[in-house]
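The numbers here are math on the coordinates, done by the rules we state, and not lab data. Everything numeric in this text was worked out from a predicted model, so none of it was measured. Note that each Cβ is placed from the backbone with ideal geometry, even for glycine, and that neighbours are counted across all protein chains shown.
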Amino acid sequence: MPQAEPSPSALWRLARPDDDADVTRLALSLDAEDPFTPRLTSARVAHTLAALRAEPTRGRAVVLEDEGRIAGYALLISFWSNELGGEVCTIDELYVVPALRGRGFGRALIEEAAAGGSVWPQRPVALELEVSPQNVRARALYERIGFSVRRNTYLRWIPTRPGPA
């Protein structure tokens, strides 16, 4: 299926404090479409945004601004890999409003992050992300870009529940 061109006025930029309400709204929309476990709360989003502002080396929140409105967001998290010999940009969350999907905004963000610069401070040695098995459309996009399944299995243990519920 041919992809529509992104709007020339649309851009990914660093999120500002005045974007927090929009980022929270969009994060809760992502959780409604593809539920997290445990379920996401406004308090947890606020905690994440505050942590990224207080310690920018951890990562950054970025927003997609299209015609003056926030139409998407992403959380880009830093991870140093000894195996790869450098910083990995983990795309922890990526969401574009349904009406604007399929127009190249996700690809544009990934390409910007891979190049380093406006949304990510330097060129990372790799980008990584997770995708839910049921999110076939997103997985197809990521595979077209060049992401591939790794040989290792991803495991998680949550010993406590720090931070806001």
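A few notes on this one:
- The helix-only estimate of mean residue ellipticity at 222 nm for the chain, built from DSSP H runs of length n ≥ 4 each weighted as -39500 (n - 2.57), is -9000 deg cm²/dmol after division by the residue total.
- Here's how it looks for GLU93: its modeled amide H is under 5 Å from those of LEU75, which are all 5 or more places away or on a different chain.
- Magnitude of the charge dipole for the stretch 42-165, about its Cα centre and with charges confined to Cβ atoms of Lys, Arg (+1) and Asp, Glu (-1), is about 320 debye.
- When the Cα positions of LEU100, TRP120, SER132 are compared along the charge dipole of the stretch 54-165, SER132 comes out farthest toward the positive end, with charges on each C-beta of Lys, Arg, Asp and Glu.
- In the chain, a dipole from Cβ-located charges (positive for Lys and Arg, negative for Asp and Glu) runs towards its positive end, and of ALA71, ILE110, VAL149 it is VAL149 whose Cα lies farthest in that direction.
- Three-way shape label, the stretch 1-138, alpha-carbon gyration tensor, a/c 1.5: rounded
- Remark on ALA126: its backbone amide H falls under 5 Å from those of CYS89, a criterion applied only to residues 5 or more positions apart or on other chains, H modelled at 1.01 Å from N.
- Local charge for SER132 was computed over the other residues whose Cβ lies under 10 Å away, with Lys and Arg +1 and Asp and Glu -1, and equals -2.
- ³J(HN,Hα) computed for each position of the stretch 80-85 - Karplus, 6.51 cos²θ - 1.76 cosθ + 1.60, integer Hz, glycine/proline x: 8, 10, 5, 4, 8, x
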